[in-house]
Every structure is written in structure tokens, then in C-alpha cells.
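Okay, so here's the structure we're looking at.
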Amino acid sequence: MAEPGLLVALPLAACLAAVFLGRRGALLVWVTGPLMLVLTWQLARAIPVVEPLGGWAPPLGIALRADGFAAAFLVMTALVAAVVGAYAATYFAADPRPRRAAAFWPLFYAVWTAVNLILLGRDLFNLYVGLELLTLAGVAMVALDGRAATLAAALRYLLFALFGSVTFLIGAALLYGRYATLDMELLAVALAPDTATVAAAALISVGLLAKAAIFPFHAWLPPAHAGAPAPASALLSALVVKASVLILFRLWFDVLPPLAGALLNALMGGLGAMAVLYGSVQAIRQDRLKPIVAYSTVAQLGYLLLAFPLAGAALGAQPWSAGAWTGAVFHALSHGLAKAAMFLAAGTIMLAAGTDRLDRLGGVAKAVPVASFAFVIAAVSLMGLPPSGGFLAKYLLLTYAFAAQQAGWAAVMVVGGLLAAVYLARPVNALMRAAPAEGARFARVPAVLQLAPLLLALAAMLLGILSFEPYRLIQVNNPAAAHEGLQ
Amino acid sequence: MIASAAFDILLCLLIVTVAVGSVAARDLFGAVALYIVYGLLLAIGWVRLGAVDVGLAEGAIGAGLTGVLLLGAAARLKAAPDPPRLRIVPLLLCLAVSLGLGAAVLSLSVPQPGLVPLVQENLAASGVGNPVTAVLLNFRGWDTLVESVVLVVALVGVWALAPDDLWDGRPGAAQRVKRDAVLNTFGRLLPPVGLMVGIYIVWIGAYAPGGAFQAGTVLAAVWLLAIMAGVAEPPPVRRPLWRALLVLGPAVFLLAGLHGTLWGAFMSFAPAKAKTMIMAIEFTLTLSIAVTLAMLVLGRPRRPA
């Protein structure tokens, strides 16, 4: 029972059921959560697996393919979604407005379906359909609160994302016109560096960068992710934006290495570096908890793009092959866990304190000690301190940068890490202040809302401590370009 | 030969002119009207290219449904947006992108058979005679299933924009129509005809151009007409029957796909049963698409149930 099809069929069925059930859709998560964890775990033990849907092999049909890269993210997604689902069931149960809960559950399963589809799919049009499902559900989640500010943020997100959809679709159409297939594996075999292919690669990449909020397309992300309800923010930051980056990785490392070169590496690395620096500086300038966490996502996504210039650098000078690529994958995994934990913790803190203004958070660590502790643990992983998954990721990327004598990229990572310590120290400091702000009163919150973020934060930590298994998993069927680099 | 070439050139010129007119139109309503004309011309263009299915979809969804949605949006915008101004930098950027795209398209060697031979080869095993339906429901049914869910999710997103106290209420404004007035009469006369057309389009989709998305649009239009004419009332969102209708088509499709895992692969149909299953999916999908599209046009709930 390790069929990739089930991993998309199950959340899809839950999505349809949730539309029917409305607010009672919350109950489904107690079945889907554990079931998806078991199914993804089984798949991770069975990879590599290929399943041609409908029995039709590409290029006529669509195949789902599970390699180590997909399996690692599928397990991470299942863990994040199951915990966020349990959190949301409690979070919305206390909500006096049934509208938000009724709308949340179909959107929640739509996101889960789309992320799994994107991880398993290799067909460009099928990926486009997955991106559409992801985008529409994501935008609707941002608008859930219904305040004027969140509606504006949702609309801005929609415009950026639709721009990305259009360019992605035109690029896919060009590739189909040129190669008569949309399957990535078949495209990789036939690929020739001609005008149409270069134009398509540029269009698809720009579209994915816009959807992933990579600098200079980042402007939509902070208000959107900060304005959504806490469980939605967690999904958006941990999974939704990352899905676009993962397609970008697949595209360039699996299909397009013949088009890659120094220019692409410098461009992608440059955008990543700008995202790290800009996002971190903006995060320092915020004085509310959720915007800090949201700007941190802008910065953390930047690290992923550093894999472009660093992959394959210093070939043979390192004991691990594909280290920089693996480092980026580890970074995405640990960021997914830590960022989801952080947004859930922020949501619990906001419920308790009634605000997320840093100067009003004094004494909150006494009111919600476990959630505050979870926030700190997640911060340790985001800063890249040992023994977290974030540390391992940065360690792999940094050693590659130094071995290849690419001091520039190393400097970006070191400065980014220091800036992360600054922007995360402010909220941690605010949480730990013993004296409550004047007139502050703390509400009691259910235990689940404190334990859920702790579970994810500890998972981010365990990713660093028990890194051997995930490391081995990621290497199954990894792309050749991960070893040789995009030269 | 010359006549058809002249027609095509004229059509292309018209499409470009109407597109520019729509972008440059001074008022919103004019822009939308030209956009609808643009969609209809585009539909003729697809027919000229021999892609009748795409033409049908473009006419029904691109021009018709999108046009209605845009008209509704334009009517609700109180303040008119600033009239378009000519900006040099974006203009140059657009020109560069257009030229690049043009060069890329021209660099493709035409005509390419694409996957047509492969589709023809496997058509017999697909259960239907129309190659487009074979691709949409069988070879790439997974795409179509997810797309139909995208529509439902979009509707949930629209509902979520309702005020908290009305979120499960009735969408659309109350219609006050005089009995025996023109609209009311049309509202009684046209639906039976439209219903027949819709059922025909989905049935014929198995052999010739047609199918669930086009038929769903026709049925949605019929229902909307009946609502606008005051013959029918839009149902409240809280009523389970209507929410069940929304998900019926995708659910039947998904169950059929899961049934496939029992004997072959996920989303597969046994050739002997394929025709029956595809028609069952098409009909339920048509119903769900019709309800979803109509409710998208009706918008968020704004009246108590």
C-alpha cells in the first residue's frame, strides 16, 4: 500500500466532504491526520515509486513519481498539516464566528491536496492545476478574517499569484509546442537550448518566483501571512510558498541543466541574497509578533536559492556529494516545521494576550509557558543554532561556500544568521519580560493550542539530532545536477 | 481559398483591435463589453483553427460567464477607476515581452502533430469517440478532476467574504419582477429549451465537440435567467442538498478513480465499462459545474436564509 495516488486522493476526498460538512468538517482531521502520516511513512519506505495515472504512461497520460525529495517533503507536509489541523480544530471551536471555521476546512484540505500533487507530479500542466488549487485556497485563507486590511492583502496576493500563473502557463504551452510533451522526464531527455526553450524557462521561472514571494516579488507576503488566522498563516508560510520553490528546484536541477550557467547561478543567488538581507532588516523594524515572523519567511526563502550557485561547487573537495543541494532541502524541511510552530505559537500568544504588539507581551510566558517555549525552540532552528535542523542546513551550505572559496555567499549566510538572531531576540525578549504591561489581562487557552506548536518545534530540533535517516532519504534518486552543479 | 484567407486576416485584425479597445476603454462598462466581444471573436478564431471544443469553451466560459462576472464586478465598483494613461516604461516592457514571445512562437517548427497520433491510437480503449473528451476524462482525467475541485474551492472563497451573520444565507439580491412582463415571460419560456441544449451538449460530447464544462455553463445560464426573471430563488448556502450538488460531480469522478485502483491504477477505467462510467461522470460533473458557476455569479450570501 504505497501508492502515490492515495496521497492526493485522500485529502481531495476530505476537501469535498468538508464543503458538505461545513463547520463539522473539523472532525475529519482526527482521521485524515494519522492516516496521512502512516501513508506517507509507508511511501517513504517504498521509494522510488512511479504510478502512471489511469494506466496511461506519459506523454499521453500523467505519472506520479515519488523520489527521496518528494518523500521527505510529503512526510514533513503530513506532520505539519496534521498538527495544524489539530490546532485549528481547537482554535476555531472557540471562535464565535462559524463562518471562518466552515470556510477554513475545505481550504485546508485543498492546500494539502495541492502540495502533495505538486510534490508527486512531473507534468507541467498538472503542476499548473496544482498551483491554481494552491493559490486560490491560499488567497481565500488570507481573506478569512474579513477585515479591510486582510482583504486588501488577499487581493494583492491574488494579483501577484495570477501574474505567476499566466507566465507559468505560457511557458508550459511553449514547451508543449516545442517538444509535444509536458512530462519533465521526457522533456529532460529531449531538451535543446533553443529560443523557445529559453523563453519558456524564463517565463516559468519568473512565474514561480512571483508565487514564492522571492525578492523582488516579496511585497505581497508580509501583510498576507501576518493577516491570516494563525493556522492559515502556518500553512501558508510553511507549505504554500515553498511549493513554488520546490517546482523551481525540480525544473532547473531535473530538466533544465543544459540551459543553466554562471549567469543563472549569479542571478538566483543574487535574488536569494537580497531576500535574506532585505527580509531580515524589515523583520527587525516590525513591532508586532506576526509581521516579524512573516518577514522572516521572506528572508528564509532566500537561503533556498543559494543552492543554485553552491551546488556542485568544490566538486570532490567535500566528503558529501550533493551537499549544497541537500543543505537547501534540509533548510526547506526545517523551516517548514519551525515556521509552522512559530505561527501557531504566535496565534496562541495572541489569544492569551489579546494582541501581538511586542510592548504588550510582558508576562505572557507565565500565562502560556509551553507556547512561549515552543516559540523559543523554533527561533533556535530559524537562527541556525545547533542542534537544530536549521543548523545542519546552514552548516552544509556554509562548508560548501567556504570549500569553493565563494566567500560572498558565505558572508550572506553569516550576516543573515546574525540578523535572524537580532529580529528573533526582540520577540523572545518581549515574551520573557516578567512584568506585565499596564492593564494587561491574560485569557486562558486550551492545552492543545500550546502543545501543537511545541510538537512541531521539537520536530525541527529532531531533524538536526536524528539527521541520518532524513539525509539518506533525500538522496534516493536525487538529480545528477545536485552533484555536478548547474555549470 | 482567397476568401477564407481574407476572412482570417480580417478576424485577426478585429481581435487585435477589440483587445486594444478593451484595454484603452475610458469607462469600465465599455471595457467589459469589448472584452466580451473579444472572447466571441476568439471563439470564432478557434473554430477556424479546427478546435471546435476550445471554441465552445471560449464562447461559453471565456466570453459568456467571465463577461457576466466582470459586468457584475463593474456594477458594484462605486468609484470609477482612473482612466488609463500611457506609461512609457511598462509599455516598453510589454513590447519587449511581446516581441520575445513572438520570436519564441515563430521559432517553433510548424505544423507539429503533437500528441494527436498517440491519442488516435488509444481512442478505441478510452470509451468515447471524441478525442478531446478522451483526453479530458480518461487520458488526463486527473487534471480535469482537480480543475473541477478548483471551481468549488473558488466558490468557498467567495462565500467566505460574506458578513459573519449572513455567511450561510441566500446569495444575490431579491428580484422584483412583474408577472407577465417580458423578462418574466422569457424566464418561463427559455429554461426548458436551455435545458435541452445543455443535456444535448453533454451527451454529444462523447462523440463530437461538447462536454461537461460547456454544458454546465449553459445550464448555469438557464438557472440564472430563471432567478433574474423571478421564477426561481437562489438557495441559501446552509442547505445541505445544494452543497451536496456542488460536490457530487467531483465526488463521483474521484470514486470512479479510486475504483480503478482495485483492478488497475488510480483514475483508470476498464475499457468495457469506460463509456458508462465516463457518461456518469460527465452528467454529474455537468450538474455540479452548473451549480458552482451560477453560485459564483450570484456571489457571496447577502440575505438571511
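The values are calculated or read from the model by the stated rules, or taken from the named source; none is laboratory data. Since we're looking at a predicted model, the values are computed, not measured. Cβ placement follows ideal geometry from the backbone for every residue including glycine, while neighbour counts extend to all protein chains displayed. Only protein heavy atoms, including side chains, enter the accessible area calculation; ligands, DNA and RNA are left aside. Shrake-Rupley method; radii C 1.70, N 1.55, O 1.52, S 1.80 Å.
Points to keep in mind about this one:
- ³J(HN,Hα), Karplus 6.51/-1.76/1.60, whole Hz, each residue of the range A:185-196, x for Gly, Pro: 5, 5, 4, 4, 5, 8, 4, 10, x, 10, 4, 4
- Counting only other chain Cβ atoms within 10 Å of each residue's Cβ, the peptide B:98-108 averages 5.
- Where only alpha carbons of the protein assembly as shown are counted, the Rg and the Dmax (Å): 26.4, 87
- Relative counts (whole %) of C-alpha pair distances in the range B:81-190, using bins that are 10 Å wide: 10, 14, 15, 28, 24, 9, 0
- Summed over both chains, the accessible area lost when A and B associate is about 4300 Å², using a 1.4 Å probe.
- Extending 7 Å from the Cα toward the beta-carbon at both A:Arg357 and B:Phe7 defines two label points whose distance is 7.0 nm.
- Rounded to whole Å, the principal axis extents of the Cα atoms in the range A:445-487 read 53, 20, 14, largest first.
- Efficiency of FRET from Cβ geometry, A:Val448 and A:Val476, R₀ 45 Å, rounded to 0.05: 0.80
- Placing pseudo-labels 7 Å out from each Cα toward the beta carbon at B:Thr276 and B:Asp180 gives an inter-label distance of 5.2 nm.
- Taking amide H atoms as placed 1.01 Å from N in the peptide plane, the amide H of B:Arg302 lies under 5 Å from those of B:Arg170, B:Gly172, each 5 or more residues away in sequence or on another chain.
- Helix A:407-432 vs. chain A, principal-axis angle (Cα, 0 to 90°, nearest 10): 20 degrees
- If you plug the beta carbon distance of B:Asp164 and B:Arg26 into 1/(1 + (r/R0)^6) with R0 = 35 Å, you get a FRET efficiency near 0.35.
- Residue with peak Gaussian network fluctuation, chain B [Cα springs, cutoff 10 Å], from B:Leu287, B:Leu155, B:Leu92: B:Leu92
- Put simply, the convex hull of the Cα atoms in the range A:389-482 casts, on average, a shadow of 9.6 nm².
- Peptides A:257-267, B:217-227, ordered by how many other C-beta atoms sit within 10 Å of their residues on average, highest first, read B:217-227, A:257-267.
- For residues of A:97-106, the mean tally of beta carbons on other chains within 10 Å: 5
- A helix-only calculation puts chain B at -22500 deg cm²/dmol for mean residue ellipticity at 222 nm, using -39500 (n - 2.57) for each DSSP H run of at least four residues, averaged over all residues.
- Cross-link reach list, lysines versus A:Lys290, counting only Cα pairs under 17 Å and skipping chain neighbours closer than eight places: A:Lys339
- Within the range B:195-213, backbone nitrogen closer than 13 Å to the virtual label 7 Å beyond the Cα of B:Val52 toward Cβ: B:201, B:204-211
- Of the DSSP H helices in chain B, those that are both long (alpha-carbon extent of 18 Å or more along the helix axis) and hydrophobic (Kyte-Doolittle mean at least 0.5) are B:2-24, B:28-48, B:88-107, B:141-159, B:182-204, B:212-228, B:240-263, B:271-298.
- Taking the longest Cα principal axis of chain A as reference, the axis of helix A:448-465 is set at about 40 degrees.
- B:Ala173 paired with A:Leu35, simple spin-label distance in nm, labels 7 Å along Cα-to-beta-carbon: 4.5 nm
- Dimensionless Rg/Rh of the range B:116-305 - Kirkwood Rh, Rg from C-alpha atoms: 1.04
- Between 0 and 90°, nearest 10: helix A:4-21 axis offset from chain A longest Cα axis: 40 degrees
- Spin-label proximity, B:Leu86 to the range B:1-31 - amide N less than 14 Å from point 7 Å beyond Cα toward beta carbon: B:24
- Distance between the range A:240-298 and the range A:172-186 - C-alpha centres, whole angstrom: 26 Å
- Separation of alpha-carbon centers, the range A:11-86 and the range A:387-455, rounded to whole Å: 30 Å
- In loop segments of the range A:132-216 as defined by DSSP, the trypsin sites (Lys or Arg not before Pro) with at most 15 further C-beta atoms inside 10 Å of their C-beta are A:Arg147.
- Here's the list of aspartates and glutamates a cross-link from B:Lys78 could span, going by alpha-carbon distance under 20 Å and ignoring same-chain residues fewer than 8 apart: B:Asp27.
- Accessible surface, per residue, of the range B:1-110 when the full set of protein chains is kept, probe 1.4 Å, Å²: 68 Å²
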